[in-house]
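Below is one structure, written out as structure tokens; comments come after it.
The values are calculated or read from the model by the stated rules, or taken from the named source; none is laboratory data. Remember, it's a predicted structure, so these values are computed and weren't measured experimentally. Ideal geometry is used to build each Cβ from the backbone, glycine not excepted, and the neighbour counts take in all protein chains shown.
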Amino acid sequence: MRRLLLAASLALGAALTSSMAAAPTLLGKSAPDFVLKGLDGRNLRMSEFRGQVVLVNFWARWAGDSREEIPALDRINTTYQRAGLVILGVSVDEDLARAREFAGAMKVSYPLLFDTGADIGKEYMLQKMPMTILIDRSGVVRYSNVGFKRGDERAYLDHIRELLRE
Amino acid sequence: MSPKIRVVSIIVRGLLLACAWAALGAPAFTAASTAAAPAAAPAAPASAATTPASGTAAPAQAPPAAAPAAADAPPTEFKTLDQEVQGLKKDVIDLNKDLFVLEEELLFPANTQVALYVSMDVGTFFALDSVTVKIDNKEVKNYLYTAREADALLKGGVQQIYLGNLKVGKHELVAFFTGKGPTDRDYKRGATINFDKGVGAKYLELKITDRVAKHQPEFAIKDWE
């Protein structure tokens, strides 16, 4: 009986994993362009960074993992900015005022942008907050990570170094 | 030329290009086969190596004589092949251009086409941030300008901000401009135009200029007849 239960749970787990793997992603496709207003009031267009490696981090004030991920990304930015890395933090928070307040308190060295229309979320097929996407110099999505747990930044660094070498 | 005839001509040209590619494929293979032939030649002397030494002498000298001839032959062939490929590439670019024009003609036929352009002159009293366009009270475009794009406009660039279709008749266009005005204050102004859409394409220009006398920016919509 125990074996049967074990087999059933394994099958269920495998099915869940396969369904998660089948979730639509932009890997290997051109990253959709966007233009958004930043915390400093400037508008930034993603395609203007073509030729550089771009890391887009979708974050939300209410996502606890974002609070851990943003400082980690800030450390990466201070190290790799000069090597040609651009980090863009995109808030998908509906409450713009509170998102701005949160962003101001984070005091990061990379631009934090605000998407109030939720169109970009659809285009980037956001599944869960936070979500991080790495775009190569030619504008193609090469890596994506849903959620954030301690240690993920090491995977980011591996991919960033690889893309910067290309 | 009517769109239908153009479609047919483009399809015919596409087919001709495809035939040309297929025809090019043959020389490529023949070039490969001729290049493969000398490579096969040394195989014979190798098998002949089992025969007495006197017999192997003649075949052993043959490949070096054949090799320079084989090495000289492919470049001329490849040169002509390269020229043909270049010609085909040019044809593809021409075809692509025709398709682009045709697509625009089909999606936005002249009798319904309306195109909006944005231009900016001087810009001392206004730093452009965004433009929102409404036609007949329906928002058709909201465009945020990056610093680079605003600079391009200041340098004389003209941006096509919208291309769409409108029925023949009277229409109203309202454009809202937001940005930083004089003394770096947030600034939002609107401009309205009522226009008649005739059977031809309609071109409208959203113009941002400086009114020096009043130290204020000026927003206008020009109807290009």
Going through the stretch B:105-121 one residue at a time, which ones are surrounded by 14 or more Cβ atoms within 10 Å (Cβ to Cβ) and farther than 18 Å from B:Gly198 by Cβ?
B:Tyr117, B:Val118, B:Ser119, B:Met120, B:Asp121
Report, by residue number, each residue of the stretch A:43-55 that is within 11 Å of chain B (Cβ to nearest Cβ) and either in a strand (DSSP E or B) or among the polar types (S, T, N, Q) (or both).
A:Asn43, A:Leu44, A:Arg45, A:Ser47
In the stretch A:95-108, what count of residues is obtained for those that are in contact with a Ser or Thr (Cβ under 7 Å, 6 or more places away or on another chain) and free of Cβ contacts under 8 Å to residues at least 40 places away in the same chain?
2
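Quick grid of which residues meet (1) modelled with pLDDT of 90 or more; (2) in a loop (DSSP other than H, G, I, E, B); (3) more than 14 Å from every other protein chain (Cβ to nearest Cβ):
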| site | (1), (2), (3) |
| --- | --- |
| A:Leu4 | no, no, yes |
| A:Ala8 | no, no, yes |
| A:Ala15 | no, no, yes |
| A:Pro32 | yes, yes, yes |
| A:Gly41 | no, yes, no |
| A:Asn57 | yes, no, yes |
Pairs under 8 Å by beta carbon, first residue touching a residue at least 24 places away in the same chain (Cβ under 8 Å) in the stretch B:208-219, partner surrounded by 14 or more Cβ atoms within 10 Å (Cβ to Cβ) and among the basic types (Lys, Arg), six or more apart or different chains?
B:Pro217/B:Arg189; B:Phe219/B:Arg189; B:Phe219/B:Lys207
Kindly list the number of the only condition in (1) closer than 14 Å to A:Pro32 by Cα; (2) modelled with pLDDT of 90 or more that fails for A:Met131.
(1)
Residues of the stretch B:155-183 being of a type in the set (Ser, Thr, Tyr), surrounded by 13 or more Cβ atoms within 10 Å (Cβ to Cβ) and more than 14 Å from every other protein chain (Cβ to nearest Cβ), which ones?
B:Tyr162
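Tell me whether the stretch A:69-89 contains one or more residues that are within 14 Å of chain B (Cβ to nearest Cβ) and modelled with pLDDT of 90 or more. Give the steps one after another, and end with the answer.
Step one: list which residues in the stretch A:69-89 are within 14 Å of chain B (Cβ to nearest Cβ), which gives A:86, A:88.
Right, trim to modelled with pLDDT of 90 or more and you get A:86, A:88.
Scanning the stretch A:69-89 turns up at least one residue that is within 14 Å of chain B (Cβ to nearest Cβ) and modelled with pLDDT of 90 or more.
Give the stretch B:126-174 a look and list any residue that's polar (S, T, N, Q) and at positive phi, or say none.
Matches in the stretch B:126-174: B:Asn137 only.
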Condition broken by B:Thr192, with the remaining ones in (1) closer than 20 Å to B:Ala220 by Cβ; (2) surrounded by 15 or more Cβ atoms within 10 Å (Cβ to Cβ) satisfied:
(2)
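What residue, of A:Arg137, A:Arg100, is in a helix (DSSP H, G or I) and surrounded by fewer than 17 Cβ atoms within 10 Å (Cβ to Cβ)?
One residue alone meets the criteria, A:Arg100.
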Of all residues in the stretch A:144-166 being among the charged types (D, E, K, R) and part of a helix (DSSP H, G or I), which is farthest from A:Ile76 (Cα to Cα)?
A:Arg165
Residue, surrounded by the fewest Cβ atoms within 10 Å (Cβ to Cβ), within the stretch B:133-154, restricted to residues that are of a type in the set (S, T, N, Q) and within 14 Å of another protein chain (Cβ to nearest Cβ)
B:Asn142
Looking at the stretch B:118-132 only, could you name the residues that are within 14 Å of chain A (Cβ to nearest Cβ) and touching a Ser or Thr at 6+ places or on another chain (Cβ under 7 Å)?
B:Asp129, B:Ser130
